[in-house]
Amino acid sequence: MKNKIILFIVILCCIQNAMAQKITISGYVKDSKTGESLIGVTVYNTNSKGGTACNLYGFYSLSVPIVDTLGLVFSYMGYQTQIKKITTKENFVLNISMEAKASEMKEVVINGNRNNNNVQKPQMGVIDIPIQQIKTLPAIAGERDLMKVVQLLPGVQSGQEGTTGFFVRGGSADQNLVQLDEATVYNPNHLFGLFSTFNINAIKNVQLIKGGFPANYGGRLSSILAVQMKEGNNQKFSGAGGIGLLSSNLTLEGPIIKDKSSFIISARRSYADLLVRPFLPKNGNKTLYYFYDVNAKVNYKFNDKNRLFLSVFTGLDKAEYTGANALNYGINFGNKTATLRYNHQFNSKLFSNTSLIYNDYHLSLSTIQNKYVAQVYSGITDMNVKTDFDYYPNNKNKIKVGVNYSYSIFSPASVSAKIPKTGKITTIKPDSIPHQYSSLVAFYAKDEITFSDKWSADIGMRIPVFIKTNSQYTFIEPRATLKFSLNDATSIKAAYTEMNQFIHLVPSSTASLPTDIWISSSNFVKPQKSRQYALGIFKNFKENAIETSIEVYYKDMRNQVLFKEGTQPLISNDINQLLVFGKGNSYGAEFFVKKNFGKLTGWVAYTLSKTTQQFDSLNYGNSFPFTYDKRHNLNIVASYEKNKKWTFSAAFIFTSGAAFTLPVGKIPVFAGGTLYDGIYLDYTTRNNYRYRPYNRLDVSAIYHKDRKIFGKVYESEWVFSIYNLYSRRNPYFIVLSTDPVTKAPKATEISLLPIVPSISFNFKF
């Protein structure tokens with residue numbers, strides 16, 4: 001009887017296998033002219049009406065039933081759709097080269113195959129940012145900036161006027177994980193936040209994740225900004241560059257071995273310091289400022305199943321000001337990253353990526369005013385190793401598992417003191433700062449499951465283990481997104497995410513310039529924690545030419561960190577003992593309409609939200625508005641391609657005023673000296689006032705023309721931009737003073753940027 005049962009089971013399995021016999025079609029998709037792998041290309045099976053998408057390295061795997069003729073459609077925004085007919089009964093490797101869509105092509109050619117991943121994929125709060133869109137939008141002084149575009153998306157609040165800082169769904173700046181080729185960039189800014197460190201000519205793909213976080217990301221509460229560098233043209237040598245008012249840039253790329261290995265190097269530098277240096281007085285006030293950044297990447301293709309990548313980045317800002325009887329300061333900050341990645345395809349269903357990552361960040365600031373000196377230093381060094389596996393067992397499951405180990409060294413220090421009579425100032429030496437060491441191991445697994453034509457989900461779990469002297473934290477972070485399709489163009493999605501963060505950026509007020517200090521969690525500083533719930537409806541119109549969505553969310557945040565009021569941290573202090581801890585919550589609704597095709601493209605994004613914080617040791621324990629709590633946030637972005645030569649674009653921004661603290665009274669003090677003009681101000685509640693609403697309109701016009709030099713044709717463009725077209729005097733900060741006669745307090749609103757016209761010239765060959 002036992003043998004019969006075994007025989008029956010074997011026969012049943014064979015019958016099931018024969019009935020469900022399938023083959024796997026797999027391969028890579030790349031740009032036909034440059035050889036760059038294409039991320040997110042949709043692969044659609046016309047027989048089963050299902051499909052998949054390429055991963056970050058352009059790899060896809062699709063299991064299909066055996067049929068006489070198989071139809072596959074490859075579609076990607078900005079590229080000509082390809083249709084392939086395949087006759088095979090065995091696993092088949094199909095590599096695809098796609099050509100960029102010419103602007104004069106009739107749209108009807110691709111109408112039926114436009115990407116509808118925003119509706120059909122079980123993901124929420126994920127926005128892909130087209131590089132071409134970034135290149136057409138106006139920016140300050142002609143500097144194209146992806147961070148400025150991020151600020152125009154729903155759920156994202158901008159920082160101060162003109163800066164690239166961004167705050168997502170009520171989170172603070174340190175709760176955004178910004179990565180360049182998997183390496184963390186702790187301060188992605190130039191010119192004190194006016195521009196980002198990312199050179200657009202070196203960037204291939206940008207994705208913002210603000211909710212429904214997949215399990216392969218962790219360590220931050222609010223968002224992931226994942227940036228991938230280009231791999232380099234492996235077909236021919238080419239270049240691009242630009243000359244602007246503040247800086248110039250140059251990018252070179254080409255094959256090392258055609259179809260096998262390529263490189264790209266991109267550099268940018270400001271030159272205001274070089275231009276003004278001859279005119280500066282030898283003795284007297286002096287100002288010096290410059291920034292630069294360099295991106296470089298090489299790759300080598302051993303064969304179709306093995307490929308190696310090495311990418312590096314370095315950026316630096318340096319500023320100095322020397323005045324006879326004024327504020328003197330020096331600031332130096334920068335990032336360095338390196339990523340070595342190895343791709344291996346085991347078979348048609350299993351793909352892996354292993355990365356070794358190094359990044360280093362430092363900020364050094366010193367100020368001297370009157371008889372006082374303040375210094376701040378903050379440094380972080382990370383070393384990471386991670387391995388990810390993508391497994392495609394069938395068309396109903398996409399499994400991703402991985403492990404990541406990182407070792408971090410923190411160097412926080414700050415000092416504020418009176419200059420000694422000898423005049424000799426002791427400077428902070430990084431080697432003398434007490435370092436903080438920590439390790440983090442994270443395991444994760446997730447599965448994108450298709451239950452039926454209507455139901456699908458992305459379910460995963462991440463387990464981070466944080467280890468530091470005298471402290472260890474282990475958490476289980478469930479992640480789940482559920483999607484229900486009402487029809488091919490409409491779906492409803494719900495998501496739940498838990499996140500933990502083991503590093504903290506604490507605002508410091510010890511210097512005359514705003515600075516921040518990074519610290520790690522410890523037995524005293526608990527990890528930050530958040531739970532986020534989201535629900536949304538997604539609908540496309542006109543065969544996916546127009547995307548729309550409405551998302552609502554609620555986020556609860558714990559163990560938020562600030563310095564105690566009036567704190568003056570010193571190098572010898574235990575900074576952990578100078579902190580206060582609290583909680584926050586944020587909720588809101590986000591509306592998004594985006595037009596992807598045609599001469600007129602762009603989007604409208606509106607966010608209605610509220611964010612509050614509560615610290616037992618601040619504001620008498622009462623809750624108060626988050627500094628960047630802005631109730632209304634409206635962004636309208638449009639780009640119009642008039643013809644082959646002219647492209648026009650505009651961006652309108654409106655936000656409610658940010659919260660800030662004003663005193664409610666004053667107390668006269670006899671012999672009070674000059675520091676307070678004999679008046680002490682009475683602060684009773686935190687963030688009790690708001691700035692006026694903020695609004696501005698930016699416009700640009702781009703003139704394209706093919707030109708010749710030495711008999712060879714190259715592309716050129718003039719970019720004419722106007723920032724703040726109607727010169728709105730938006731509030732930047734408030735200066736408090738006292739009338740010398742009446743002693744009445746005065747609050748004066750200061751604006752930063754009026755109308756700023758600019759012109760730049762870009763070229764490509």
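Would you mind calculating the relative contact order of the chain from Cα pairs under 8 angstrom and at least 6 residues apart, reporting the percent as a whole number?
Result for the chain is 10 percent.
What ranking do 461, 98 get, fewest neighbouring Cβ atoms within 10 angstrom at the top?
Ranking 461, 98 by Cβ neighbours within 10 Å, fewest first, gives 461, 98.
Only bridges with both residues in region 126-224 count here: give the DSSP antiparallel percent, nearest 5.
Numbers: 12 of 14 bridges.
Rounded to the nearest five, the antiparallel share is 85 percent.
Long-range amide H contacts for residue 751: which residues qualify at under 5 Å (H placed 1.01 Å from N, peptide plane, sequence gap of 5 or more or a different chain)?
732
Whole-Hz ³J(HN,Hα) for each residue in region 594-611, computed from phi via Karplus 6.51 cos²θ - 1.76 cosθ + 1.60 with θ = phi - 60°, x for glycine and proline: what do you get?
Once rounded to whole Hz, the list reads 9, 10, 9, 10, x, 5, 9, 10, x, 7, 10, 10, 10, 10, 10, 8, 8, 9.
Any idea what angle helix 2-19 forms with the longest principal axis of the chain, computed on alpha-carbon atoms, 0 to 90 degrees, nearest 10?
The two axes meet at around 80 degrees.
Could you list which residues have their amide H under 5 Å from that of residue 219, counting only those 5 or more apart in sequence or on another chain, with H placed in the peptide plane?
500
Please go through region 327-371 and write out the chymotrypsin sites (Phe, Trp or Tyr not before Pro) that DSSP classes as loop and that have at most 16 other C-beta atoms within 10 Å.
346
Starting from 0.36 nm per residue, how many nanometres of slack lie between residue 320 and residue 631 once their C-alpha separation is accounted for?
Working: separation 311, 0.36 × 311 = 111.96 nm, distance 3.78 nm.
Going from the current span to full extension adds 108.2 nm.
Under a no-solvent Debye model with one identical scatterer per Cα of the chain, what's log10 I(q)/I(0) at q = 0.05, 0.09, 0.10 Å⁻¹?
Relative scattering, expressed as log10 I(q)/I(0), comes to -0.28, -0.90, -1.12.
Among 41, 154, 378, whose Cα projects farthest towards the positive end of the dipole of the chain, with charges put on the beta-carbon of Lys, Arg (+1) and Asp, Glu (-1)?
Of the candidates, 41 comes out farthest on the positive side.
Taking the convex hull of the alpha carbon atoms in region 718-757, what volume per residue do you get, in Å³?
That works out to 69 Å³ per residue.
As I understand it, the dipole of the chain uses +1 on the Cβ of Lys and Arg and -1 on the Cβ of Asp and Glu, about the Cα centre. Which of 433, 683, 72 lies farthest toward its positive end?
72
Output the peptides 88-97, 313-322 sorted from most to least packed, where packing is the average of other Cβ atoms within 10 Å over each peptide's residues. Let's see the in-between values first.
Working: 88-97: 13.8, 313-322: 18.8.
In descending order of packing, they fall as 313-322, 88-97.
Mind checking the dipole of the chain: about its Cα centre, +1 per Lys or Arg Cβ, -1 per Asp or Glu Cβ, Debye to the nearest 20?
Roughly 760 debye, rounded to the nearest 20.
Based on other C-beta atoms within 10 Å, arrange 469, 164, 24 from fewest to most. Intermediate values should be presented prior to the final figure.
Details: 469 10, 164 24, 24 19.
Listed from fewest to most nearby Cβ atoms, that is 469, 24, 164.
Give me the three principal axis extents of region 23-102 from the C-alpha atoms, as integers in angstrom, largest value leading.
34, 22, 18
So for the chain, taking the charge dipole from beta-carbon charges (+1 Lys/Arg, -1 Asp/Glu), which of 274, 124, 364 sits furthest toward the positive end?
124
Using the Karplus equation 6.51 cos²θ - 1.76 cosθ + 1.60 (θ = phi - 60°), what ³J(HN,Hα) coupling, rounded to whole Hz, does each residue of region 754-765 give in order, writing x for Gly and Pro?
x, 5, 10, x, 7, 9, 8, 10, 10, 9, 8, 9
Please get the size of the charge dipole for region 23-102, origin at its Cα centre, with Cβ charges of +1 on Lys and Arg and -1 on Asp and Glu, quoted in debye to the nearest 20.
120
Output the antiparallel fraction of DSSP beta bridges having both residues in the chain, as a percent to the nearest 5. Let's see the in-between values first.
Values: 330 of 340 bridges.
Antiparallel bridges: around 95 percent, rounded to the nearest 5.
Show me, for region 439-446, the HN-Hα J-couplings you get by feeding each phi into the Karplus relation (A = 6.51, B = -1.76, C = 1.60, θ = phi - 60°), rounded to Hz, glycine and proline as x.
In residue order, the calculated couplings are 10, 9, 10, 10, 10, 8, 8, 8 Hz.
Taken together, the values in this text are just the output of simple stated rules run on the coordinates, not laboratory data. Every value quoted in this text rests on a predicted model; they were computed, and no experiment measured them. No Cβ is skipped: glycine too gets one built from the backbone with ideal geometry, and neighbour counts run over all protein chains shown.
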